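Participant: Here it is, the structure, as C-alpha cells.
The values are calculated or read from the model by the stated rules, or taken from the named source; none is laboratory data. Keep in mind the model is a prediction, meaning the values are calculated, not measured. Methodologically, a virtual Cβ is constructed for each residue, glycine included, from the backbone with ideal geometry; neighbour enumeration extends over all protein chains shown.
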Protein chains: 4
Amino acid sequence: MNLYHHKVQYYETDKMGITHHSNYVRWMEEARIDFLGQIGWPYDKLEEMGVISPVTGIDCKYKVSTTFADLITIEVKVESFNGVRLKLNYEMKKEDTVVCESSSEHCFLNKEGNIIKLKKEFPDLYEALAGL
Amino acid sequence: MNLYHHKVQYYETDKMGITHHSNYVRWMEEARIDFLGQIGWPYDKLEEMGVISPVTGIDCKYKVSTTFADLITIEVKVESFNGVRLKLNYEMKKEDTVVCESSSEHCFLNKEGNIIKLKKEFPDLYEALAGL
Amino acid sequence: MNLYHHKVQYYETDKMGITHHSNYVRWMEEARIDFLGQIGWPYDKLEEMGVISPVTGIDCKYKVSTTFADLITIEVKVESFNGVRLKLNYEMKKEDTVVCESSSEHCFLNKEGNIIKLKKEFPDLYEALAGL
Amino acid sequence: MNLYHHKVQYYETDKMGITHHSNYVRWMEEARIDFLGQIGWPYDKLEEMGVISPVTGIDCKYKVSTTFADLITIEVKVESFNGVRLKLNYEMKKEDTVVCESSSEHCFLNKEGNIIKLKKEFPDLYEALAGL
C-alpha cells in the first residue's frame, strides 16, 4: 500500500502559525479515499453503487505541530472490520517524526439510510476489507 | 433589512495572523441566506420547492484586514435582477470601517439543471426580488 | 453557563447532503471560545497575555446527522483539569436530540512553547478553571 | 511552467452535490504558491525574508460545476505587475473544459505592514515577476 502525501496549504494554518487541528480530520478523509482507491474501491464508485459510508466517530492525538509547506505522509491501516463496522488507523509523519495518530469509525448505509451487511450484499467489498 | 453579523472564528485566521481571504466568500453566503430568510424565502425552503441557485461569479475587494474575535456586519443589497440573473452587493464593516466590498452573481435552476424563469414559474419570489 | 448556538451553514454540508463531520471539530472551538469568554477569559485576551492553548487531542462520536439550516446547541463542561492539562466535554443537540458527543484536550504554553503551570503563573485563570 | 493539479476532495463538495464555490479561491492560492515555487520564490522562503503578500482582490467566473474526485488543472499567468501590485490570472480545466476563470491581486508588505518597492528592495524577485 502506498503512503498518502499531503502538502500543508497556507489556508490550513491559523494565527498560532501552525496547521489548524481540524484539518487533520480532512486529511484522514483524503488518505481514506486514496486507500479505498488503492484496494480497488474508489469512493465515487461506491456512491454510484448506492453505498454510503458515513463517519460515526473520530479520535486524534496531536503529537507535534506542523505548518505551511510541510509534507505529511499518512499510513492507513484497518484496525477492525466485522462486516458492519470498520475502524481505520492513521499514522501521520513529517519525515521520520510522528505528528498525529488518529482513527475513524464507519458504517455502511444504502441510499434509504439502512445499514448494509457487506458480506451478503457486497461480498467483493467485504473480502477486500476483511483481507487487510 | 437587518444587518448580518459574523464573529471571526479562530479557524478562519491564517499564519499571517489575519482572516484568510477565502472566508469572506463564505460570509457572503451566510449573509445571502440570512437576507433570503428576511425577505421570506429561506434557502432551505427554496431547495425543497426544487429551486437551486448556484453562484456563477464572485468579486471581492479586500480593504482592511480583520482577525480573530472581530465582529463583522454585512449589508446585502440587490444590484440587479432581470428574472433570470441576480447580482447582489455586500458591504462588510468592522465598526465604522469598511473591510471588504464584494458581489455575487446567481442564476436559478430546477433539479434537472435547466434555467428557471422566475416571473413565470415562481412569481412571488420574482416579485420579492424585483421589489428590492 | 449559557449554551452556545451554531446554525449549520450551506458551506458546511457535503454531497451526502449532511454536515461534513470535520465541522463539528470547528464548532467545538467556537463553543470553547464562547465558554472561555463566559468565565471571564476571552481567548484573544489570553493570547495577548502570552498564553497559547493548543489542542492536543479530540474525540467525536457522531450520533445523528445534521444538515443545512439546523440550529445546534452546544454545552461545554470541564471534565478534568490538573493545572497543566484541561479536558473539556461537549454535548451537541438539535432540539432535544443529541447529535454529537465529543471532547478536547489542551495544554497551556507560553510564546516560547514551554508549558505554563497555571497555578503559579496565572492563578486567577487556574481558579476559574479549577472551580468548574 | 507546469500546470498545477488539484483533485476535488469530498469535504470540498456541498449538498448541491458539487464543489462549493469558495474552494476555488483556495485552489487559486495552492496554484499561486506552486507557481512561486516554480519561478524560484517559494512563499515560505518569502515569509522568512520578511515579505508578506496579502490578497487585495479576487474575481471568479464559474463556468461549469465540478464535483468529488474530479481532477482540475490550473494554469497561472501574470496579467500585470508594476513593482508594487501584481495581478495573476488562473484558468482551471477539467480535461479540456474550462470550469473556472479567475484572477487575484496582491501587494507586497514588510513585517511592519508597509508597502515594499520590490525593484529596490528585492530586485531578484522583481526581475523574476517582471520577466513573465
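Participant: What pairs come up if the first residue lies in region D:1-24 and is at positive phi, the second is assigned to a loop (DSSP other than H, G, I, E, B) and of a type outside the set (Val, Ile, Thr), and their beta carbons are under 6 Å apart, counting only those six or more places apart or on different chains?
Facilitator: Correct list of pairs: D:17/C:15.
Participant: Looking only at region A:1-24, filter to residues that are out of contact with any strand residue (DSSP E or B) (no Cβ under 6 Å at 6 or more places or on another chain) and in a helix (DSSP H, G or I); which one of those is farthest from the other protein chains (Cβ to nearest Cβ)?
Facilitator: A:23
Participant: Which condition from (1) hydrophobic (A, V, I, L, M, F, W, C); (2) out of contact with any His (no Cβ under 9 Å at 6 or more places or on another chain); (3) within 14 Å of chain B (Cβ to nearest Cβ); (4) on the phi < 0 side of the Ramachandran plot is the one that residue A:78 breaks?
Facilitator: (3)
Participant: For region C:95-114, check the following and say yes or no: at least one residue is in a helix (DSSP H, G or I), among the hydroxyl-bearing types (Ser, Thr, Tyr) and surrounded by 15 or more Cβ atoms within 10 Å (Cβ to Cβ). First the steps, then the outcome.
Facilitator: Going residue by residue through region C:95-114, those that are in a helix (DSSP H, G or I) are none.
Checked region C:95-114: no residue is in a helix (DSSP H, G or I), among the hydroxyl-bearing types (Ser, Thr, Tyr) and surrounded by 15 or more Cβ atoms within 10 Å (Cβ to Cβ).
Participant: Taking the stated definitions as given, is residue A:18 at pLDDT below 95, farther than 14 Å from residue A:73 by Cα and crowded, with 17+ Cβ neighbours inside 10 Å?
Facilitator: Considered against the rule, which asks whether it is at pLDDT below 95, farther than 14 Å from residue A:73 by Cα and crowded, with 17+ Cβ neighbours inside 10 Å, residue A:18 comes out as no.
Participant: So, in region B:40-57, how many residues would count as being away from chain C (no Cβ under 13 Å), under 24 Å from residue C:69 (Cβ atoms) and not hydroxyl-bearing (Ser, Thr, Tyr)?
Facilitator: Looking only at that region, the number is 4.
Participant: Additional query: Out of the residues in region C:1-15 that are within 16 Å of the chain's Cα centre (by Cα) and surrounded by fewer than 17 Cβ atoms within 10 Å (Cβ to Cβ), state the one that is modelled with the lowest pLDDT.
Facilitator: Here the residue is C:1.
Participant: Output the residues belonging to region D:96-107 that are out of contact with any Phe, Trp or Tyr (no Cβ under 8 Å at 6 or more places or on another chain) and touching a residue at least 12 places away in the same chain (Cβ under 8 Å).
Facilitator: Answer for region D:96-107, where residues must be out of contact with any Phe, Trp or Tyr (no Cβ under 8 Å at 6 or more places or on another chain) and touching a residue at least 12 places away in the same chain (Cβ under 8 Å): D:97, D:98, D:105, D:106, D:107.
Participant: Then there's this: Hey, could you check region A:31-67 for residues that are in contact with a helix residue (DSSP H, G or I) (Cβ under 6 Å, 6 or more places away or on another chain) and in a helix (DSSP H, G or I) and say which is nearest to residue C:114 (Cα to Cα)?
Facilitator: So the residue we want is A:33.
Participant: If you don't mind, another one. Quick test for you: out of C:89, C:82, pick the one residue that is surrounded by fewer than 15 Cβ atoms within 10 Å (Cβ to Cβ) and more than 30 Å from residue D:65 (Cβ to Cβ).
Facilitator: That would be C:82, the only listed residue that is surrounded by fewer than 15 Cβ atoms within 10 Å (Cβ to Cβ) and more than 30 Å from residue D:65 (Cβ to Cβ).
Participant: The conditions are (1) of a type in the set (Val, Ile, Thr); (2) buried (at least 16 other Cβ atoms within 10 Å of the Cβ); (3) in contact with a Ser or Thr (Cβ under 7 Å, 6 or more places away or on another chain); (4) within 30 Å of residue B:33 (Cα to Cα), and residue C:64 fails exactly one of them. Which is it?
Facilitator: Just one mismatch for residue C:64, condition (2).
Participant: For region D:30-48, name all the residues that are touching a residue at least 12 places away in the same chain (Cβ under 8 Å) and out of contact with any His (no Cβ under 8 Å at 6 or more places or on another chain).
Facilitator: So the first thing to find is which residues in region D:30-48 are touching a residue at least 12 places away in the same chain (Cβ under 8 Å), and the list is D:30-32, D:34-35, D:38-41, D:46.
Passing the criteria: D:32, D:34, D:35, D:38, D:39, D:40, D:41, D:46.
Participant: Checking residue C:28 against (1) buried (at least 20 other Cβ atoms within 10 Å of the Cβ); (2) part of a helix (DSSP H, G or I); (3) away from chain B (no Cβ under 14 Å), which single condition isn't satisfied?
Facilitator: Among (1) buried (at least 20 other Cβ atoms within 10 Å of the Cβ); (2) part of a helix (DSSP H, G or I); (3) away from chain B (no Cβ under 14 Å), residue C:28 violates only (3).
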